[in-house]
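Engineer: Supplied in structure tokens, the structure appears directly below.
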Amino acid sequence: MNFLIEEQSQLKDLEPLLTQIQAESGVVSVDTEFLREKTYSAKLCLIQLGIGEHQYCIDVLAIDDLGAIKALFSDTKVLKLFHAARQDMEVIYQTLGVLPRPIFDTQLAAAFCGADMQIGYGALVEEVTGVELPKTQSRTDWTRRPLSAEQIKYAGEDVEHLEAIYLDVKARLDDADKHHWYLEEIETYYDLDKYVIDPEVAYQRLSGGGLNIKQQYILKALASWREVSAQARDIPRTWVMRDEKLFDLATQQPSNEEQIKSMGVFGRKSGSYLAPQALEVIQSVVVGEERIWRKAEPLTKPEKSLCSGMMRHLAKRAKHLEIAQALLGTRKDMEHLFRYRQSKKLMNGWRKSAVGEPLLAYLKEHKA
């Protein structure tokens, strides 16, 4: 049965059940509905909890005190079930200031069992339970009120079958003796740096290897300034300036406001106050001695062929291990391992023996 919790008194009535779950070290299924198209951070609109046979859709926009939900999420004795947890974890942390832990991510667990890395909740529900879920509300505006019966039904279904999927994929993990791999990977989900964006490291979202050293430092400074501006105005960073325009400013290095305005990097209205700010950033950059991004030489045709061979070897390893290939590594990972014979991703943790060392052996065998 599905319940909408849209008043503080209703959440108060739910608290004894939440307290019981915590006392019994129980399991709760969790999903969220949010909107992030017009704001810097996602706007949390609804939290869905699946408890036994019931689903509770909690209207975050209507309830001021969510202390009971925060207590549930922060209780390390309660296992929180998610599907594709990262975005839910991000919006919960940014809104409530608490990161749910421990969690079980059915999408990640399924990938360790050979499913596609991006397998959807509906596909897993149908595979495990035979139930085909409708997708009628997948692009709805969750900020609009009142919520319709169809919206609440759709939201509740997102947690209705999570426990059944959890039991199924956990059993498969245990049978394949991969549960320790899964536990090691899920630990990365608790890294707060993934959910808090520091403007000083905003440049890491970009790739400036093709720029000279001065251009790199300008690009880094502009990326930081853009992030601060977007945060302050609570708008998407691309509404301040798109990535390609950051590169235009870094490479052309305009010397006055009019030149910036003529480049079309800002809108007509925003340019009047953003152009002076961008100019100040460019003119005040202190250029360091070390490059920020490595400049990688293009791979030769034989080197590209060898990296393709590494990808084929990776595919064979994925098939042998019965694990999603994308979970093991990507083409970018292969090229990095080829260039430097080292990889923070492939040569650490469970991936080292599963794929990193076999790939280095492949390179040695082919005398690369």
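The values are calculated or read from the model by the stated rules, or taken from the named source; none is laboratory data. What you are looking at is a predicted structure, and each value in this text was computed from that prediction instead of being measured. Quick reminder, even Gly has a Cβ in these numbers, built from the backbone with ideal geometry, and neighbours come from all protein chains shown.
Engineer: Output the residues belonging to region 293-310 that are touching a residue at least 24 places away in the same chain (Cβ under 8 Å) and assigned to a helix (DSSP H, G or I).
Structural biologist: Glu303, Leu306, Cys307, Gly309, Met310
Engineer: From the list Glu126, Glu150, exactly one residue is farther than 29 Å from Ala62 by Cβ and assigned by TED's automatic domain parsing to the domain that holds Gln107. Which is it? If you could, list the steps in order and put the result at the bottom.
Structural biologist: Working: Glu150 fails: farther than 29 Å from Ala62 by Cβ.
None of the other options fit; the residue is Glu126.
Engineer: Can you pull out the residues in region 125-162 that are surrounded by fewer than 20 Cβ atoms within 10 Å (Cβ to Cβ) and assigned to a helix (DSSP H, G or I)?
Structural biologist: Matches in region 125-162: Glu126, Glu127, Val128, Thr129, Ala149, Glu150, Lys153.
Engineer: What tally of residues in region 207-233 results from selecting those that are in contact with a helix residue (DSSP H, G or I) (Cβ under 8 Å, 6 or more places away or on another chain) and either closer than 17 Å to Ser41 by Cα or at pLDDT 95 or above (or both)?
Structural biologist: Quick first cut of region 207-233, residues in contact with a helix residue (DSSP H, G or I) (Cβ under 8 Å, 6 or more places away or on another chain) only: 208, 211, 215-216, 218-231, 233.
If we keep only those that are either closer than 17 Å to Ser41 by Cα or at pLDDT 95 or above (or both) too, we end up with 211, 215-216, 218-231, 233.
Number satisfying all stated conditions: 18.
Engineer: On the basis of being touching a helix residue (DSSP H, G or I) at 6+ places or on another chain (Cβ under 7 Å), part of a helix (DSSP H, G or I), assigned by TED's automatic domain parsing to the domain that holds Pro146 and of a type in the set (Asp, Glu), does Glu15 make the cut?
Structural biologist: Taking the combined requirement at face value, the residue satisfies it.
Engineer: Right, next: Can you find a residue in region 187-197 that is crowded, with 19+ Cβ neighbours inside 10 Å, assigned to a helix (DSSP H, G or I) and in the same structural domain as Thr39 (by TED's automatic domain parsing)?
Structural biologist: Yes: one or more hits.
Engineer: Now for a different question. Quickly run through region 58-73 and pick out the residues that are over 22 Å from the mean Cα position of the chain (by Cα) and not in a helix (DSSP H, G or I).
Structural biologist: Ile58, Asp59, Leu61, Ala62, Ile63, Asp64, Asp65, Leu66
Engineer: Continuing with the same structure: For region 78-92, does any single residue satisfy the condition of being on the phi < 0 side of the Ramachandran plot, aromatic (Phe, Trp, Tyr) and crowded, with 19+ Cβ neighbours inside 10 Å?
Structural biologist: Taking every residue of region 78-92 in turn, at least one turns out to be on the phi < 0 side of the Ramachandran plot, aromatic (Phe, Trp, Tyr) and crowded, with 19+ Cβ neighbours inside 10 Å.
Engineer: Would you please name the residue that is farthest from the chain's Cα centre (by Cα), looking only at residues in region 74-95 that are without any contact (Cβ under 8 Å) to a residue 40 or more places away in the chain and under 17 Å from Leu18 (Cα atoms)?
Structural biologist: The initial filter retains those residues of region 74-95 that are without any contact (Cβ under 8 Å) to a residue 40 or more places away in the chain, namely 74, 76, 84.
Those left that are additionally under 17 Å from Leu18 (Cα atoms): 74, 76.
Values: Ser74: 20, Thr76: 22 Å.
Ranking the qualifying residues of region 74-95, first place goes to Thr76.
Engineer: Taking into account only those residues within region 311-368 that are outside any helix (DSSP H, G or I) and of a type in the set (Gly, Ala, Ser), which is nearest to Ile119 (Cα to Cα)? Spell out how you get there, then give the answer.
Structural biologist: As a first pass, look at region 311-368 and keep what is outside any helix (DSSP H, G or I): 322-324, 329-330, 341-348, 366-368.
Narrowing further to those that are of a type in the set (Gly, Ala, Ser): 324, 329, 343, 368.
Values: Ala324: 10, Gly329: 17, Ser343: 26, Ala368: 35 Å.
Looking at residues that are outside any helix (DSSP H, G or I) and of a type in the set (Gly, Ala, Ser), I get Ala324.
Engineer: For region 39-57, which positions are surrounded by fewer than 17 Cβ atoms within 10 Å (Cβ to Cβ) and under 18 Å from the mean Cα position of the chain (by Cα)?
Structural biologist: The answer is Thr39, and nothing else.
Engineer: I'd like to check something: does region 252-266 contain any residue that is charged (D, E, K, R), assigned to a loop (DSSP other than H, G, I, E, B) and surrounded by fewer than 18 Cβ atoms within 10 Å (Cβ to Cβ)?
Structural biologist: The answer is no; no qualifying residue exists.
Engineer: Give the residue that is surrounded by the most Cβ atoms within 10 Å (Cβ to Cβ), with candidates limited to residues of region 320-368 that are free of Cβ contacts under 8 Å to residues at least 60 places away in the same chain and among the small types (Gly, Ala, Ser).
Structural biologist: Gly329
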